[in-house]
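Structure first, then comments.
The values are calculated or read from the model by the stated rules, or taken from the named source; none is laboratory data. All of these numbers come straight from a predicted model, not from anything done at the bench. As a convention, Cβ positions derive from the backbone with ideal geometry for all residues, glycine included, and neighbour counts pool all protein chains shown. Please note that ligands, DNA and RNA were not included when accessible areas were found on the heavy atoms of the full protein model with its side chains. Shrake-Rupley method; radii C 1.70, N 1.55, O 1.52, S 1.80 Å.
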Amino acid sequence: MNILSYLGFFKKGEIIHIGQELQFDGIIHGSVGLAYYLEFDESAFEIKSRRYYTNSDFEKNPCPGGDEERIIYTLTPIKKGEFTVKEMNNFRGAKSVVKEHFYIVKK
């Protein structure tokens, strides 16, 4: 490893292509204040999301803690470049990074 790599001048990332879909999933638990979301360059990706209750009967038969939802985000890169996507948790206002991804987007 050379000194420039050690100092972080050369970031290594996953090479992906324009139009390639990336999926991220997490948990939302509204009643206890837990949220999952992504931070990313909105000009570089199109986003779609899908949510569903872990307890499929929650709307018919609510129960304590039964409002846990799973959310799936699908990001599709729409331009070339180097981008970071952060998976984030927000627990009652305290934000934290769950995982950080670095992508190099090519044609």
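Before moving on, here are some points about what is shown:
- Subset of the range 26-43 [touching a Phe, Trp or Tyr at 6+ places or on another chain (Cβ under 7 Å) and either of a type in the set (Asp, Glu) or in a strand (DSSP E or B) (or both)]: 26, 27, 28, 34, 38, 41
- Meeting the requirement of 3 or more residues that are aromatic (Phe, Trp, Tyr), more than 15 Å from the chain's Cα centre (by Cα) and at pLDDT 95 or above, no strands (runs of 3 or more DSSP E) wholly within the range 57-107 can be named.
- Looking across the range 16-47, the residues that are of a type in the set (D, E, K, R) and within 8 Å of the chain's Cα centre (by Cα) come down to 25, 39.
- Tally, over the range 7-51, of residues that are modelled with pLDDT under 85, open to solvent by 80 Å² or more (accessible area, probe 1.4 Å) and in contact with a strand residue (DSSP E or B) (Cβ under 6 Å, 6 or more places away or on another chain): 3
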